[in-house]
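Data block below; observations after.
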Amino acid sequence: FAFNEQTAESNAFQDVKSQSWTNNVTQQDALQEFDAMVSQLRSAGVNVIVYDDTPEPHTPDSIFPNNWISFHHSGKVCLYPMQAENRRLERRNDIIDDLRKSFHIEVVLDFTHFEKDDKFLEGTGSLVLDRMHRTAYACISPRTDAEVLDAWAKQMRYQLVKFTSVDTHGK
C-alpha cells in the first residue's frame, strides 16, 4: 500500500500523492483488514493461501497480484505483460512452483514477451471475465492492448467484448 509513481500517469484514481499512501498507520490498517478477512474466509471453510511479499525488490502494488497472474479451472495459468517496470518485478515463479505441489497446473501461458513492444494486458485488472459464458470484457487503454487481448482470447478460447471509455476529462 504505497503511492506508485510509475503507475500514476495511467491511473486516474491515483492522481494525488498524499502522505496517507505512505504512512505506516495505513500499512498497519490494511494488514489488519487483510488478516481479518482471511480469518473470516477460513472460518467459513474457504481454503485461503497467503504468500508474504519480499522486502526487495520494492513493489508498491504487489498487493494486487491479479494484474500479473490469473488461474483458471482448466489448469491454465496466465502471466501478463505489465506497463510499469516495477509491477513486472512482482512476478514470482516460487509461488507458481509452490502451487504446483497442491494444484493441477496444465500449462503456463506467458504473454510477457509483449512488453518488449510496449504492449500490455494487466490481467483481471484489464479483463472482466464471465467464466461461465467464456466472455471477456475489456476497455482498450494504455494497459489493455487490443493485440495482446486477441492473443489471450485465442489461447484461452474466450469471446471478447472490447470497448473504449473516458471520464469527463477525456482520460
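Selection among GLY75, SER126, GLN28 by position relative to the dipole of the chain gives GLY75 as farthest towards the positive end (Cβ unit charges, Cα centre). With the helix formula -39500 (n - 2.57) applied to DSSP H stretches of n ≥ 4, the chain reaches a computed 222 nm mean residue ellipticity of -8000 deg cm²/dmol.
For the pair the range 45-78 / the range 133-160, the C-alpha centres are spaced 20 Å from each other.
Each label was represented as a point 7 Å from its Cα along the Cα-to-Cβ direction; for HIS104 and THR168 these points are 5.1 nm apart. Computed over Cα pairs, the Kirkwood radius of the range 103-171 leads via Stokes-Einstein (1.306 mPa s, 10 °C) to a diffusion coefficient of 122 µm² per second. Annotation: amide H-H contacts under 5 Å for THR135 (H modelled 1.01 Å from N, sequence separation of 5 or more, or interchain): ASP130, GLN159. Geometric descriptor of the chain, per residue, is 146 Å³ (volume of the convex hull of the Cα atoms).
FYI, it's all coordinate maths here, none of it is from the lab. The model shown is predicted, which means the values in this text are computed figures rather than measured ones. Using ideal geometry, Cβ is built from the backbone for each residue, glycine included, and neighbour counts are taken over all protein chains shown.
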